[in-house]
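Read the structure below first, then the notes.
Every read-out reported here was derived from the displayed coordinates using simple, explicitly stated rules and does not represent laboratory data. Treat the numbers as computed from the prediction; the structure is a model and nothing was measured. Don't worry about glycine lacking a Cβ; one is built from the backbone with ideal geometry, like all the others, and counts go over all protein chains shown.
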Amino acid sequence: MASNSVSVIDIGSSMITVLMGERGINNTFKIKGRGYAEYAGFENGEFIEPESLKMAFAMAIANCEMSAGEKINEVYVGVPGEFTTVVSKECSVNFGKRKRITDVEINQLYSAGNSFKKHPTHTVINNSPIYFTTEDGRRVIDPRGQYGSMLGGMISYELAENNFLDYVDGILSGLGIKTSTYISSCLAECLHLFDPQLRDKYVLLVDCGYITTNVMLARGDGLLYLSNFSMGGAYITADLAECLKINFREAEALKHKTVITWKATPQDTYEVQSKEFVVPYSAQDTNQIVCDRLDMIIKYINKALENCIYDFPEYIPLYLTGGGVCYLKGIKDYFSKRIGRKVEIISPNLPNISRPDSSSEIGLLDVAIDVNEGYLNIISQY
């Protein structure tokens, strides 16, 4: 594989996606290959059908290699939020004498705050700065090139479950991929989707996927807070299938028809194409089922925000991404009224790549390229 190309594996809650790419012009990407494989996903921090995961990895990797015409030997693996814990803490390091701050000194700071080196269940995969502090007490975004006898800051540590790392390591090793670097998928999304100037003022992001939802508060180059729960778009489909006594495929099609802000009358219907004919479904009943589940998802999001110990401005919007609910017509207004703040849909802003369900895989590719080229220093060395 060419040295300027990277490969990433995005482990979604319904699909494994493998991308091979490199930086293009105007900070875009040249996607050289893409492969994916659907699988049962994960729930409550466990894979639903772990025995089928290796086959999904193998299929997604093989499809990407076929698409790119290149062999994958090394990958960056995104760790989903459900297998990740975030701890942010103030830390500092004294050098004993004034010196020029470089990545070496920054890594010393990361190491000084890393109290998780012998943690029995988790390993630090990423360390990222919320902000740095100089010896005169100033907060700075990037201390490189400055001089001082100490360096401090608020550092975010992203920890992954050892069981997850060991399991994925075993799968990749069995597929002949010996080297893997892990990146928090949630961190990658925040770094890609938001400009540094916006992140410096806090960003609030909710990624609602097929089975899982992540609630994130980010600042600077790091995650301040992360909360997860197992509920997403598939739960809406399951509710429709159960309540209306229809199969999952028809329920999924009906879900995509709904306009949740529509005040439908008893005579209004949604029409879904079955195998042989068009079937009408009550718009009132459909909307009620969908909204009941959305209210439950929003309840969990609000609970996650209440549990956040960090103060963030009331006026900042909540950004919504992921493939779980973003496509529902009227979702922005519905969420906004029940969460009590402005809601915006956000997705990658790239030619031919602008869907909310692409946020995770493109975020991982973006961050992996920056790490590979030495522009981003977030991978834990300890």
Q) Rounded to the nearest 20 Debye, what is the dipole magnitude of the chain about its Cα centre when Lys and Arg each give +1 and Asp and Glu each give -1 at the C-beta? A) 880
Q: Would you work out which of Ile339, Leu294, Ala234 lies farthest towards the positive end of the dipole of region 195-345? Charges go on Cβ: Lys and Arg +1, Asp and Glu -1.
A: Ile339
Q | For Val206, Val278, Val371, order by how many other beta-carbon atoms lie within 10 Å, fewest first | A | Val278, Val371, Val206
Q.
Could you give me D for region 186-225, from Stokes-Einstein at 10 °C and 1.306 mPa s, where the hydrodynamic radius is the Kirkwood radius over C-alpha pairs? Units µm² s⁻¹, please.
A. 157
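Can you classify region 276-382 as rounded, prolate or oblate using the Cα gyration tensor, where a ≥ b ≥ c are the square roots of its eigenvalues, rounded means a/c under 1.5, and otherwise it's prolate if a/b beats b/c and oblate if not?
It is oblate, given that a/c is not under 1.5 and a/b is not larger than b/c.
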Q: May I ask which residue of Thr17, Ile31, Ala60 lies farthest towards the positive end of the charge dipole of region 1-100, with charges of +1 (Lys, Arg) and -1 (Asp, Glu) on Cβ and the Cα centre as origin?
A: Ile31
Q: Enumerate the lysines that Lys257 could reach by cross-link, defined here as Cα to Cα under 18 Å, with residues fewer than 8 away along the same chain left out.
A: Lys245, Lys275, Lys329, Lys332
Q. Tell me, Phe248, Phe312 in order of fewest to most beta-carbon neighbours within 10 Å?
A. Phe248, Phe312
Q.
Using the crude model of +1 on Lys and Arg Cβ and -1 on Asp and Glu Cβ, and no other charge, please compute the dipole size for region 84-161 relative to its Cα centre, in debye to 20.
A. 300
Q. Looking at Phe312, Tyr182, Val367, which one has the Cα that reaches farthest to the positive end of the dipole of the chain (charges on Cβ: Lys, Arg +1; Asp, Glu -1)?
A. Phe312
Q. If one takes the longest principal axis of the Cα atoms in the chain, at what angle in degrees, from 0 to 90 and to the nearest 10, does the Cα axis of helix 103-113 lie?
A. 70
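Of the cross-linked pairs Lys54/Lys118; Lys201/Lys342; Lys201/Lys303; Lys303/Lys342, which ones have a Cα-Cα span greater than 26 Å in the structure shown? Before the final figure, lay out each step's value.
Details: Lys54/Lys118 29 Å; Lys201/Lys342 16 Å; Lys201/Lys303 22 Å; Lys303/Lys342 17 Å.
The answer is Lys54/Lys118.
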Q) So what is the relative contact order for the chain, in percent, with contacts set as C-alpha pairs under 8 Å and at least six apart? A) 17
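What is the projected area of the convex hull of the Cα atoms of region 134-178, averaged over all directions, in nm²?
5.5
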Q: Taking the Cα centre of region 33-92 as origin, work out the dipole magnitude from +1 charges on Lys and Arg Cβ and -1 charges on Asp and Glu Cβ, in debye rounded to 20.
A: 220
Q: Arrange the following residues from fewest to most other Cβ atoms within 10 Å of their Cβ: Leu53, Leu187.
A: Leu53, Leu187
Q) For the Cα atoms of the chain, what angle does the longest principal axis make with the long axis of helix 283-306, in degrees from 0 to 90, nearest 10? A) 20
Q: Report, to the nearest 10°, how far helix 233-244 tilts away from the longest principal axis of the Cα atoms in the chain, using its own Cα long axis and a range of 0 to 90°.
A: 20
Q) For Gln267 and Lys201, FRET efficiency with R0 = 56 Å and r from the beta-carbon atoms, rounded to 0.05? A) 0.70
**Q.** By average C-beta atoms within 10 angstrom, highest first, the peptides 90-97, 55-62, 290-297
**A.** 55-62, 290-297, 90-97
Q.
Checking a compactness column here: for the chain, what do you get for Rg(Cα) / (2.2 N^0.38 Å), N being the number of residues?
A. 1.05
Q. Regarding region 227-334, what whole-number volume in Å³ per residue does the convex hull of its Cα atoms give?
A. 105
Q: Be a star and scan region 189-216 for residues whose amide nitrogen sits under 14 Å from the point 7 Å along the Cα-to-Cβ vector of Asp311.
A: none
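Pairs of alpha-carbon atoms within less than 8 angstrom and 6+ residues apart define the contacts here; what relative contact order does region 195-345 have, in percent?
Numbers: 253 pairs, mean separation 40.4, N = 151.
RCO, region 195-345: 27 percent.
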Q.
Two decimals, Cα atoms only, Kirkwood Rh: what is Rg/Rh over region 167-292?
A. 1.14
